[in-house]
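J.: Before we start, here is the structure in question, set down as structure tokens.
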Amino acid sequence: MALAEHAAGMNLRQFLPRMSAGIWSLSGFTFLWFIGIVVPLIGILLFSFLQTKGIKVQWDLTIKAYEKLFFYGGGPLIGRTIRIAATMTVIELLFAFPFALWLAKGAKNQNLKLITFTLLTVPFFLSPVARVIVWRSVMSVQGLVNTALLDIGIVSEPVEWLIFSEFAVHLGYLGQYFPAMVWPIFLSIALIDDEYLEASKDLGASRFRTLVHVILPLSLPGIVAGIIFSFVPMLGDTVVPQQMGGGNVMMISHNVYTMIGAANFVMAAALSAIILAIMLAFQVVLWAALRPVGGINNVFASLHR
Amino acid sequence: MTVLAEQTKYIGAAPRQLTLAQRIAERWPAWGSIFIGYFVLLIIYFPILWLMILSVSSEPLTGFAGDWTLRWYDDMLYGTGQREGEAYAVNSRVFDPLLLSLKLAFITAALCMVASLLIGPILPRVRFRGPLLLGYLMPLMVPGIVASVSLFLFYRLGLHWKMGEWSLGLAHFVWAFPFALLAMLVVSSRFDTRLLEAAADLGASPWRRFWDIQVPILKPGIFAAGFFGFLLSFNELPFSIFMRAGDITLPIYLWIQSGAHNSSVPLIFALSTLITIASIVLTFIAIKVAFGEKTVTVKKIRTA
């Protein structure tokens, strides 16, 4: 048991029975998890270079899937998906960071904070369809918003781009992923000791300098986590593009679904593999950026406080 | 980048007398960020509340509320709705997915509780905890649809296993476990291992140490893992899309129905409203258990 020897800070001889039971379950579970989950996730990179006949896999390496994918407009599709997800990630970050900063260090009213936390938690557990389906009837040509705009006289004829447009997809994403951006940033800012901020002030730093040189670096793990937790699911969202884009805004999820439905497994794999490769590269860069503040192990340290 | 005037206490300039205009100029970044935050919360909650209101309106598809009726609930429950001679037989079409979703949610919750109890206490204390945690959290870092397709291709085309309820359960577990594990780690990484040392000194067997010390202290984490498992499984969509044979879970039913640009959508409003209310109630219970029990347990231990 290699892992048992590495168990840190424990008197091994005394705890050998418990540790070994724990280590056994940890290694057993980890083995199953990596074989059953991590290997398939990485395996799609390999699979995209194969060909299939029905559900039989032919084990010859080829790049035919990628050629077909780009021939049939895969480039613009991937570009559009990444553009929309990236735009909304930046907007979410700009909206969420000041709000999280206020929640963590500014807000004094405990009840207001508690209500806000609850409001930020509940959406995680609601059905994504239930959360956006109403926009379709509210924003339609004869819907609530258009009628109101016409009545007030802001527009003379119904606004058509309110739904089934890129605007609508952006709007859908805004609500859907805001809590996922706020939470990690809030947690990382809340963990910053007030004494650091006091010290920065005592040393004569302006509030702006404190923000840039103290708060921002220390909350970087939260910002990175927030970016990952909103950008990643946005890329693969099935509900918002379908409900808000309504066929006018094609994103990868719909195409993957259609390809699998048409038993075009390899092209679906190629499309997924491109997204996966981009994601992995993106995350390597992000985690590398975290190295100066302790990387992933920092998660445990911050949980411990 | 915005600076918060709220922080004057910590970071601000020396105290001085301010005119009203100066105070407004000083505080607007704070008010601006607060306004934006609650504005987005409004964008999140408006559709949810409006959904509930529309579900008791007679013409929900127009987006206008009014002319209150419980007809859509009636249609959904009994499938007896008659509309211009059309017969709706949605009864079993709604309840079969509901039962399947409940079954999967309970199984996922149980698996999450057991797995996070096995992994949670030990993970913070091993050397490769960072890479291991990354491995466990991988489903969070890959878009759902990509992960779902990967698992489908691996099991169906790679291993030639037939999809079915087992694969739906697996998919839901894969999705929910990272969250359950994180919830457990919040509790377990604060766990004081000296309690186990003390128990061992007093002659407690490993099993007793596990059952009488670890499990009670980690109870909030176990409950939280269970709730995460249940709720995340119950509303899970992207993973379920491919990891199923012909099975239809409730979110899949809603997704298919809402994708159809036609008139059966009003029933979805009623159904979504019920699911949403149930989810909100469960979330409140979960929050209460996760944050309420912790103090109780600590008190019990202190007095014991």
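Residues are listed down the side, and each one gets a yes or a no for (1) facing chain A (nearest Cβ under 7 Å); (2) touching a residue at least 40 places away in the same chain (Cβ under 8 Å); (3) within 19 Å of B:CYS112 (Cβ to Cβ); (4) not in a helix (DSSP H, G or I):
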| residue | (1), (2), (3), (4) |
| --- | --- |
| B:ILE145 | yes, yes, no, no |
| B:VAL149 | yes, yes, no, no |
| B:VAL187 | no, yes, yes, no |
| B:ALA198 | no, no, no, no |
| B:ALA204 | no, no, no, yes |
| B:ASP212 | no, no, no, no |
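J.: Same structure, new question: Report, by residue number, each residue of segment B:41-86 that is at pLDDT below 75, under 26 Å from A:LEU119 (Cβ atoms) and in a helix (DSSP H, G or I).
T.: B:PRO60
J.: Quick check on this structure: which one of A:LEU162, A:LEU171 is in a helix (DSSP H, G or I) and not hydroxyl-bearing (Ser, Thr, Tyr)?
T.: A:LEU171
J.: Which of (1) within 11 Å of another protein chain (Cβ to nearest Cβ); (2) part of a helix (DSSP H, G or I); (3) free of Cβ contacts under 8 Å to residues at least 24 places away in the same chain does A:GLN142 not meet, given it meets every other one?
T.: With (1) within 11 Å of another protein chain (Cβ to nearest Cβ); (2) part of a helix (DSSP H, G or I); (3) free of Cβ contacts under 8 Å to residues at least 24 places away in the same chain applied to A:GLN142, the lone miss is (2).
J.: Checking B:PHE152 against (1) among the aromatic types (Phe, Trp, Tyr); (2) under 21 Å from A:TYR257 (Cα atoms); (3) at pLDDT 90 or above, which test does it fail?
T.: B:PHE152 satisfies every listed condition except (3).
J.: Anything in segment A:127-158 that is in contact with a helix residue (DSSP H, G or I) (Cβ under 6 Å, 6 or more places away or on another chain) and over 19 Å from B:LEU49 (Cα atoms)? List them, or say none.
T.: Hits for segment A:127-158 are A:VAL155, A:PRO158.
J.: Inspect all residues belonging to segment B:160-177 and state whether any of them is without any contact (Cβ under 8 Å) to a residue 40 or more places away in the chain and closer than 25 Å to A:PRO184 by Cα.
T.: There is no residue in segment B:160-177 that is without any contact (Cβ under 8 Å) to a residue 40 or more places away in the chain and closer than 25 Å to A:PRO184 by Cα.
J.: Taking segment B:54-64, which residues are more than 9 Å from chain A (Cβ to nearest Cβ) and of a type in the set (A, V, I, L, M)?
T.: Correct list: B:VAL56 only.
J.: With the condition being more than 30 Å from A:MET259 (Cα to Cα), I'd like the helices (runs of 4 or more DSSP H) fully within segment A:14-126 carrying at least 1 qualifying residues.
T.: A:74-101, A:110-121
J.: So, one more: Please indicate, with yes or no, whether at least one residue in segment B:101-124 is within 8 Å of chain A (Cβ to nearest Cβ), within 17 Å of A:PHE31 (Cβ to Cβ) and assigned to a loop (DSSP other than H, G, I, E, B).
T.: Yes: one or more hits.
J.: Continuing with the same structure: Could you check, for segment A:219-234, whether at least one of its residues is surrounded by fewer than 21 Cβ atoms within 10 Å (Cβ to Cβ), of a type in the set (Val, Ile, Thr) and at pLDDT 85 or above?
T.: Checking segment A:219-234: at least one residue is surrounded by fewer than 21 Cβ atoms within 10 Å (Cβ to Cβ), of a type in the set (Val, Ile, Thr) and at pLDDT 85 or above.
J.: Do you know which of the residues in segment B:25-69 that are free of Cβ contacts under 8 Å to residues at least 24 places away in the same chain and among the small types (Gly, Ala, Ser) is farthest from A:PRO128 (Cα to Cα)?
T.: B:ALA25
J.: For B:ILE11, indicate whether it is crowded, with 16+ Cβ neighbours inside 10 Å, within 14 Å of chain A (Cβ to nearest Cβ) and modelled with pLDDT under 70.
T.: For B:ILE11, the condition - crowded, with 16+ Cβ neighbours inside 10 Å, within 14 Å of chain A (Cβ to nearest Cβ) and modelled with pLDDT under 70 - is met.
J.: Given (1) surrounded by fewer than 20 Cβ atoms within 10 Å (Cβ to Cβ); (2) in a helix (DSSP H, G or I), identify the lone condition not met by B:SER167.
T.: Every condition holds for B:SER167 apart from (1).
J.: Where the second residue is assigned to a helix (DSSP H, G or I) and the first is touching a residue at least 40 places away in the same chain (Cβ under 8 Å) and lies in segment A:194-208, which pairs have Cβ atoms under 6 Å and are six or more apart or on separate chains?
T.: Pairs found: A:LEU197/B:TYR10; A:LEU197/B:ILE11.
J.: So which of A:ALA100, A:ALA180 is closer than 16 Å to B:ILE36 by Cβ, within 11 Å of chain B (Cβ to nearest Cβ), small (Gly, Ala, Ser) and surrounded by 20 or more Cβ atoms within 10 Å (Cβ to Cβ)?
T.: A:ALA100
The values are calculated or read from the model by the stated rules, or taken from the named source; none is laboratory data. The structure presented is a predicted model; accordingly, all values stated were derived computationally and were not measured. Methodologically, a virtual Cβ is constructed for each residue, glycine included, from the backbone with ideal geometry; neighbour enumeration extends over all protein chains shown.
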